[in-house]
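Each remark here refers to the structure printed beneath this line.
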């Protein structure tokens, strides 16, 4: 149980285009979803936290107009990288948590590798 | 602020060797501590956790003990396998916002 599916797993696109990444909880309702960014051989950096039906909370330094997050249902959150540029190339990982307390485990997707040419 | 420090890798071991990956932390309050594992090209999987001092988390032969006095949560395994090759992240969780703070990760390479 507790499967999180992330799609696509890999995307290559031209500079200036927008890219949407989906994160789905397949067998549970995710009241909270998290979006992380991981640079090569580095740790995960939290970008934003989203609760179903409300606006995402972005971490300091993350451009909310650049990284649009939508969490419209209990099983789906999307991250849209708008007008992507080569410096946005990275590995993006989502995680989802099913209600409960703060100790309820986060379940991670397999990540999306984004390459901007 | 909160931070997690892990030993730098890569760690290279022969199969059946003993593994220790050090992790120390700085946190306000009383954090919960976690070890996650990331296999190549994949997301993170929770390996084990401990929620209070002196708790021992264990899973798949791995274990780690929450040491409040030394602010540490070292990961150990008595006999590693090639399939254990991955990147291991130590993390902590504090506050009601449930933000995980990760260490930089330690790459483990196990050879035959």
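Every read-out reported here was derived from the displayed coordinates using simple, explicitly stated rules and does not represent laboratory data. Remember, it's a predicted structure, so these values are computed and weren't measured experimentally. Here the Cβ is made from the backbone with ideal geometry for all residues, glycine too, and neighbour counts use every protein chain on show.
Judged by the mean number of other Cβ atoms found within 10 Å, the most tightly packed of the peptides A:31-39, B:10-18 leads the ranking A:31-39, B:10-18.
Between residue B:8 and residue A:104, the C-beta separation translates, for a Förster distance of 45 Å, into a calculated FRET efficiency of about 0.90. Cα-based radius of gyration for region B:3-72, normalised by 2.2 N^0.38 Å, reads 1.18. Of the Cα atoms belonging to region A:1-47, the radius of gyration and Dmax stand at 13.1, 38 Å.
With a/c under 1.5 counting as rounded, go ahead and sort chain A into rounded, prolate or oblate using the C-alpha gyration tensor (a ≥ b ≥ c being the square roots of the eigenvalues; past the cut-off, prolate if a/b is larger than b/c, else oblate). Provide the component values of the computation, followed by the final result.
Values: a/c = 1.74, a/b = 1.61, b/c = 1.08.
It comes out prolate by the Cα gyration axes.
Computed over the protein assembly as shown, the range of Cα coordinates on each principal axis works out to 48, 38, 33 Å, biggest value leading.
Both numbers refer to the Cα atoms of region B:62-112; Rg and Dmax are 13.5, 44 Å.
Here the spin labels are modelled as points 7 Å beyond Cα on the Cα-Cβ line, and at residue B:67 and residue B:111 they lie 3.0 nm apart. The distance between label points at residue A:82 and residue A:22 comes to 2.2 nm (points 7 Å beyond Cα on the Cα→Cβ vector). Each peptide in A:16-28, A:57-69 was scored by the mean count of other Cβ atoms within 10 Å over its residues; highest first, the order is A:16-28, A:57-69. Of the residues B:28, B:20, B:65, the one that moves most in a GNM of chain B with alpha-carbon contacts below 10 Å is B:28.
Short-range pairs are left out: with C-alpha atoms under 8 Å and at least six residues apart, the relative contact order of chain A is 37 percent.
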